[in-house]
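Values in this text are rule-based calculations from the coordinates and carry no lab data. Everything quoted here is computed from the prediction, not taken from an experiment. Here the Cβ positions follow ideal geometry from the backbone for every residue, glycine too, while neighbour counts run over all protein chains shown.
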Amino acid sequence: MISNGCDIDDEIYIDEILTNEDIPSLVKYFNNPILHANLLTIPYPYTTKDGEDFIQKIKSNSLNLTRIFSIRLKTNNELIGGCGFHRSIKNERRTEKTYIKGK
């Protein structure tokens with residue numbers, strides 16, 4: 001059932017796959033004013049176009065500086081969160097991390 005993933009418990013798993021099918025979940029969970037207040041790069045309200053742009057940005061990561069992990073429900077593969085690491089271009093020793101979990 002899970003390819004390239006890692007079980008966390010009986011209900012959730014992590015994988016490295018993010019597709020256009022995840023856009024409704026991105027819109028659902030990123031449309032949160034608290035999330036917007038704490039993350040500088042998340043627009044509010046978060047639209048389908050924002051989700052499409054985000055997926056395209058991840059896919060076109062030509063320098064391979066960003067690594068995204070998706071947190072999903074096992075029952076229906078719904079994207080419920082994620083974790084990302086972004087290495088700085090200016091300083092290879094510097095990495096920013098971000099994690100988001102749906103409410």
Condition met for Tyr29 (in contact with a helix residue (DSSP H, G or I) (Cβ under 7 Å, 6 or more places away or on another chain), at negative phi and either part of a loop (DSSP other than H, G, I, E, B) or not β-branched (Val, Ile, Thr) (or both))
no
Consider Asp9 against the criteria (1) among the charged types (D, E, K, R); (2) surrounded by fewer than 16 Cβ atoms within 10 Å (Cβ to Cβ); (3) under 12 Å from the mean Cα position of the chain (by Cα): it satisfies all of them except one. Which criterion is unmet?
(3)
When the range 16-65 is checked residue by residue, the ones that are small (Gly, Ala, Ser) and within 17 Å of Lys101 (Cα to Cα) are Ser25, Ala37, Gly51
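Restricting to the range 14-26, what's the tally of residues that are β-branched (Val, Ile, Thr) and either part of a helix (DSSP H, G or I) or touching a Pro at 6+ places or on another chain (Cβ under 7 Å) (or both)? Before the answer, list the steps.
To start, the set of residues in the range 14-26 that are β-branched (Val, Ile, Thr) comprises 14, 17, 19, 23.
Those still in the list that are either part of a helix (DSSP H, G or I) or touching a Pro at 6+ places or on another chain (Cβ under 7 Å) (or both) too: 23.
Number satisfying all stated conditions: 1.
Yes or no, residue by residue, for (1) of a type in the set (Val, Ile, Thr); (2) in contact (Cβ under 8 Å) with a residue 24 or more places away in the chain; (3) out of contact with any Pro (no Cβ under 6 Å at 6 or more places or on another chain):
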site: Asn31; (1), (2), (3): no, no, no
site: Gly51; (1), (2), (3): no, yes, yes
site: Ile58; (1), (2), (3): yes, yes, yes
site: Ser70; (1), (2), (3): no, yes, yes
site: Arg94; (1), (2), (3): no, no, yes
Do you know which residues across the range 57-98 are surrounded by 10 or more Cβ atoms within 10 Å (Cβ to Cβ) and of a type in the set (Ser, Thr, Tyr)?
Thr66, Ser70, Ser88, Thr95, Thr98
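Could you grab me the full set of residues in the range 41-96 that are in a helix (DSSP H, G or I) and of a type in the set (Val, Ile, Thr)?
Applying the first criterion (in a helix (DSSP H, G or I)) to the range 41-96 yields 48-59.
Listed by number, the residues that qualify are Thr48, Ile55, Ile58.
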